[in-house]
1. How about the stretch 350-361: which of its residues are at pLDDT 95 or above and not small (Gly, Ala, Ser)?
2. Read through the list (1) in contact (Cβ under 8 Å) with a residue 12 or more places away in the chain; (2) assigned to a loop (DSSP other than H, G, I, E, B); (3) within 22 Å of residue 142 (Cβ to Cβ); (4) open to solvent by 70 Å² or more (accessible area, probe 1.4 Å), then give the number of the only condition that residue 165 fails.
3. Please note which strands (runs of 3 or more DSSP E) are completely contained in the stretch 39-157 and include at least 3 residues that are within 16 Å of the ligand (Cβ to nearest atom).
4. Residues in the stretch 78-137 that are hydroxyl-bearing (Ser, Thr, Tyr) and touching a Pro at 6+ places or on another chain (Cβ under 9 Å): how many?
5. Does the stretch 48-69 contain any residue that is touching a residue at least 40 places away in the same chain (Cβ under 8 Å), over 29 Å from residue 285 (Cα atoms) and outside the structural domain of residue 289 (by TED's automatic domain parsing)?
6. Looking at 244, 250, which is the one that is of a type in the set (A, V, I, L, M), at pLDDT 95 or above, within 15 Å of the ligand (Cβ to nearest atom) and open to solvent by 10 Å² or more (accessible area, probe 1.4 Å)?
7. Would you point out which residue out of 83, 52 is within 30 Å of residue 276 (Cβ to Cβ) and buried (at least 19 other Cβ atoms within 10 Å of the Cβ)?
8. For the stretch 10-34, how many residues meet the condition of being over 26 Å from the mean Cα position of the chain (by Cα) and open to solvent by 100 Å² or more (accessible area, probe 1.4 Å)?
Amino acid sequence: MSDYPSSILQQALTGVQKLQPYQPGKPVSELERELGLSDIVKLASNENPLGASPAAHAAVRETVDALHRYPDGNGYALRQALAAKHDRDIDWITLGNGSNDVLELIARVFLGPGRNAVFSEHAFAVYPIVTCACGADANVAAAQSVRQGQRYGHDLQAMAGQVDNNTRIVFIANPNNPTGTWLTSRQLREFISGLDPRVIVVVDEAYFEYVDQVDYPDTSLWLDEFPNLIVTRTFSKAHGLAALRVGYALAHPALTDLLNRVRQPFNCNAMAQAAALASLKDDVHIQNSVSTNSRGLVQLCQAFEQRNLDYIPSVGNFISFHPAADGQSVYDAMLRAGVIVRPVGNYGLPDFLRVTVSTQAENTRFIAALDSVLDQMRIA
Ligand SMILES: *Cc1c(COP(=O)(O)O)cnc(C)c1O
């Protein structure tokens, strides 16, 4: 690309010129190709180790006969079911091609040159991408220190301090990925109440189903109180539908109308709509997924503690840990052992690695691979 005229590249928005592309977890097929391995365990993208609900599989099969039809661009059946679930009317729901799509819609409605979005250090990587892609500035607030409570967690006071007259959006991940840190009902309510009510607050609840802390807020219940609030949820995590790309926003109908103006007409595909609708009815699958995750969190935390490895306590389906060695080297050696985890240096956490909580068997495989990698590094 070095022979490409820089005069053309310089025409891109300044924000886009500064961006790095999102780095996804390594796909299993890529590792198979590169190292000729089989029997690979992928713990890199916070996917549900139990897969999707059997009802979702069946629903997808039923859509196959209508591949030539456009999906329902209004997503009526799925939005209706979501509206019922949240005890709202349908005009409070916006569907997205994953919740990342919804985050981008919000940015496109409210951001642009001369405006900014506020979010925390170590926050989800999509916030800077959607912000800078619109030509807006990212006002990044320093995270909490050990002394304040949740190390690496969102510091709401620092975030409030980053809000200025040009701020249009505050992004909050609760819990946050990759730190797994979370905010209590009281903390979050106090923060939103104290904010200029013209600033849009996006609370990203991608891991909502997994969290069992009593003080953890369901902010979808706050929408009447705060007309500037947008809550996002996804089917990619606990519902196990990451491949299909479906998420949604809950917001006041007036905000939903704005989002709908910039939404691509068929952003949520037919299979995704059908699978999500079926999955919503399968409470048992969600319960199994959540209880598998709770046991897995205990298993992994115990393993880290027994080995004296530092980790960030998490309420999601992933844990960031410090392997007490060069993170990239440990990551590479784990790949050769057929276990894919996720480096999080791009999140300002160099040397930490993030592992997805999985079944007991896969967690055990991860721990064994980590032990052997760390042993080899000590010998070398
Ligand atoms: C995984 C994740 C999402 C969901 O992304 P989708 O586009 O719905 O797959 C959103 N926010 C956070 C913090 C996440 O970790």
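The values are calculated or read from the model by the stated rules, or taken from the named source; none is laboratory data. Since the model is a prediction, treat every value here as computed from it, not as a measurement. Neighbour counts are summed over all protein chains in view; Cβ atoms, including those assigned to glycine, are modelled from backbone coordinates with ideal geometry. Ligands, DNA and RNA are stripped out before the accessible areas are found, and what is left, the full protein with its side chains, is counted by its heavy atoms. Shrake-Rupley method; radii C 1.70, N 1.55, O 1.52, S 1.80 Å.
1. Within the stretch 350-361, 352, 353, 354, 355, 356, 357, 359, 360 qualify.
2. Exception for residue 165: condition (1).
3. Fully inside the stretch 39-157 and qualifying: 93-96, 116-120.
4. Matching residues across the stretch 78-137 total 0.
5. yes
6. Residue meeting the stated conditions: 244.
7. 52
8. 4
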